[in-house]
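The values are calculated or read from the model by the stated rules, or taken from the named source; none is laboratory data. Keep in mind the model is a prediction, meaning the values are calculated, not measured. Heads up, the Cβs are rebuilt from the backbone with ideal geometry, glycines too, and the neighbour counts pull from every protein chain shown. Just so you know, the surface numbers come from the protein's heavy atoms only, side chains and all, with ligands and any DNA or RNA stripped out. Shrake-Rupley method; radii C 1.70, N 1.55, O 1.52, S 1.80 Å.
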Amino acid sequence: MRRHHSTTPRTTRTIRATRITRTTRPTRPIRPIRPFRLSRLTRALGALLLVAATGALTMGAAPAEPRRAAIPLDQVIPAPVSVESGGTPYRITSGTHIRVDDTPEVRQVGTYLAEILRPSTGYRLPLTTQGDGGIRLRLAKGPYGAEGYRLDSGAKGVTITAQEPAGLFHGVQTLRQLLPAAVEKKSVQPGPWLVAGGTIQDRPRYAYRGAMLDVARHFFTVEQVKRYIDQLALYKINKLHLHLSDDQGWRIAIDSWPRLATYGGSTQVGGGPGGYYTKDEYREIVRYAASRHLEVVPEIDMPGHTNAALASYAELNCDGVAPPLYTGTKVGFSSLCVNKEITYDFVDDVIREVAALTPGRYLHIGGDEAHSTSPEDYAAFMDRVQPVVARYGKTVIGWHQLTGANPAKGALAQYWGLDSTSEAEKAQVARAARNGTRLILSPADRVYLDMKYTKDTPLGLAWAGHVEVQRSYDWNPGSYLPDVPESAVLGVEAPLWTETLSTSAHLETMAFPRLPGAAELGWSPAATHDWDTYKVRLAAQAPRWDALGIAYYRSPQVPWPAA
Ligand code: TNX
C-alpha cells in the first residue's frame, strides 16, 4: 500500500464590501511519502505533525482506495461567508461517531447526516452524546443567527456549531458537499472519506430562500415532492412554495368543499388523471419539509386561475353555470365572482382549512394575471380576502400585481417581472416597497426555472425569453429593482411552473443547474458573486447529481468534468 498525504494550501478569503481578496499559496500536489523523505520532513515541526497525522489517517485504509485530495473548503454552493483552509484533513472511518447534543432537534440532524453517510461509507457511525472527536453537532451562542453555522475541520474531527438546529442542518449540507460525490450513492463505495482542514463561517444574506413547485398544471405525488425537497435542502433553500390550485387542477382536499379536489383535481394539462393531496398527505409533505428545515408556503391562486374551482361548483360563477374542466395552457380567462357573497364563504372556508393544516407563517393568495377581473373588482376582492388570511393567523403573500391594489400591512409581494416590464409597473412595486411591503424576487427572465435554456432545449416555455445558466445567476437581488432599498428585499424564490413538465426528470432538467444559482443569490454575500469562479464550483457539482440520479442540463456555459 502506498502511503500518501495531501498538503492543503492555506487559503484565506476575506470578504470586503465590494470584492473578495484571496491569497493562495500554490497548491502542492498530493505526493507519496517515501521513507527517504521522512527524515527531510521531520526537520520542521509542522511537517512532523503532518506526518504523524497522515500516518494515523492512512492506517487501515482499504487497498482499493483511490488516491484523492479532499475537496477544497471553498468549493461549496452556496458560497460561504468566509473560508479559511489549512491544517490536516479529517478522515471519516469505521470508528467515527456522530456526537450530538442531547435534544430531539439536534438528534434529528445527526440522524439525517448518518442516513446520508452510512449507505456509501458502509460505516456504523453511531449517534452518541458522549466523548469527543469524530463529527460533532453542537448548539452554542455565537454570531450565527437563526440559520448560520461554523464548521471546524482538523485531524481529530469536524465540529459544526450553530445557535439553532437549522444552522446545524445547513452546516451538514456544507459537510456533505465537502465529501466526495460518491458519498451520495446508496451502495458501499471506496473511500477515503476526507474533509479538508480549516474553518468555514457562514450565514445567509436573505431569510427567504424559496423554490416554488406548480403541482396544479401537472400533479406530482408526495414522493416526487419529497425528492424535490431533498434536492432543495442540499442548497440551503428554506421555503417550499406549493402552487396548489390553478385552472387545470385543484390539488388539496378541502372538507367543506369536497368537489374541489375530487372533481377539480381530476385532470391536468394534456388531459391526464391529475390528482390531489389528502389532508394527511399534505401534512406528510409539511412534516418532511420541516425535517429538512423548509417551511411550506401553500398558494391558493385567486381571483383568477380558478377554473378548476369554478368547474367544481356552479354557484361560484356569476352566471351560475359551471364551465368544463380545462386541460390547456392559456392563462387569464377565469375569475371568481367578486360580487357574490358565496365567493367569500368559499374563500373563508378554504383559507381556514389550509391555514389549519400549515404550521408555517405564510399563505399565498396568488393574484396574478386576473385579466378577467376588472381593476376595481380586483382591489375590492383583495381588500376582503387579505384580512381573512390575517384572521387565520397567516401573513399574506401575493404575486406583485397585489401592489396595484392595497397590500395589507405586513403583506409580501412576489415580483415576477422581466427586464422589459414597464417602468410604471416597476415603479408601482418600488412604491409599495418604500411603503413597507417587502419583496420576494422571482424575475421571470432570471429564475423562472420553466423557461427554456435555449431555443433548442425541448422542455419549458419561452415567454420570458431563453434563460441560460449565466443569465440566471448574474444579477444582484439587492440592487435589482430601481428605487427599491435592499432592506425591502426579503429574499429570492425560483418558481417551477409545470405546463410542459410531468416527471421528476423533467423538473430536474429545468432546475439543474439553475436552481443552485438562485440558492446562492439568496444565501451568499454579494461580495462572493463571480460567474467565472461560480461556474467552476457548479461544474464540480455534476458528479454529485450523477450519484443522486438527478437529471440536469449540460449547459455549454459550464466547464463540466468529462462525463
Ligand atoms: C406566468 S408567474 C404565470 C403562470 C404560468 C407561468 C409560466 C405567474 C404569477 N403566472 O400562470 O404558469 O407564467 O411561465
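Details
- Filtered by the rule that a residue be open to solvent by 10 Å² or more (accessible area, probe 1.4 Å) and within 11 Å of the ligand (Cβ to nearest atom), segment 449-459 gives a lone residue, LYS452.
- Candidates in segment 388-404 are the residues that are without any contact (Cβ under 8 Å) to a residue 40 or more places away in the chain and of a type in the set (Val, Ile, Thr); of these, the one that is surrounded by the fewest Cβ atoms within 10 Å (Cβ to Cβ) is THR395.
- Among (1) under 18 Å from SER442 (Cα atoms); (2) part of a strand (DSSP E or B); (3) touching a residue at least 60 places away in the same chain (Cβ under 8 Å); (4) of a type outside the set (Ser, Thr, Tyr) - the single one ILE237 does not satisfy: (2)
- Residue ID - farthest from the ligand (Cβ to nearest atom), chosen from residues in segment 257-308 that are among the small types (Gly, Ala, Ser), part of a helix (DSSP H, G or I) and out of contact with any helix residue (DSSP H, G or I) (no Cβ under 6 Å at 6 or more places or on another chain): SER291
- Meeting the requirement of 1 or more residues that are at pLDDT 50 or above, the helices (runs of 4 or more DSSP H) wholly within segment 18-127 are 104-121.
- Residue tally, condition away from the ligand (no atom under 11 Å from the Cβ), buried (at least 22 other Cβ atoms within 10 Å of the Cβ) and outside any helix (DSSP H, G or I), over segment 494-511: 1
- Close pairs from segment 176-190: first more than 14 Å from GLN541 (Cβ to Cβ), partner among the acidic types (Asp, Glu) and surrounded by fewer than 21 Cβ atoms within 10 Å (Cβ to Cβ), Cβ under 9 Å, at least 6 apart: PRO190/GLU65
- Scanning segment 435-446 for residues that are more than 11 Å from the ligand (Cβ to nearest atom) and among the hydrophobic types (A, V, I, L, M, F, W, C) turns up LEU439, ILE440, LEU441.
- Residue-level analysis places PRO323 among those that are more than 16 Å from the ligand (Cβ to nearest atom), farther than 23 Å from TRP416 by Cα and open to solvent by less than 50 Å² (accessible area, probe 1.4 Å).
- Among the residues of segment 512-543, those identified as open to solvent by less than 10 Å² (accessible area, probe 1.4 Å), part of a helix (DSSP H, G or I) and farther than 20 Å from ALA462 by Cβ are PRO516, ALA519, GLU520, LEU521, GLY522, TRP523, THR528, TYR534, LEU538, ALA539, ALA542.
- Within segment 128-141, the set of residues being part of a loop (DSSP other than H, G, I, E, B) and open to solvent by 30 Å² or more (accessible area, probe 1.4 Å) comprises THR129, GLN130, GLY131, ASP132, LYS141.
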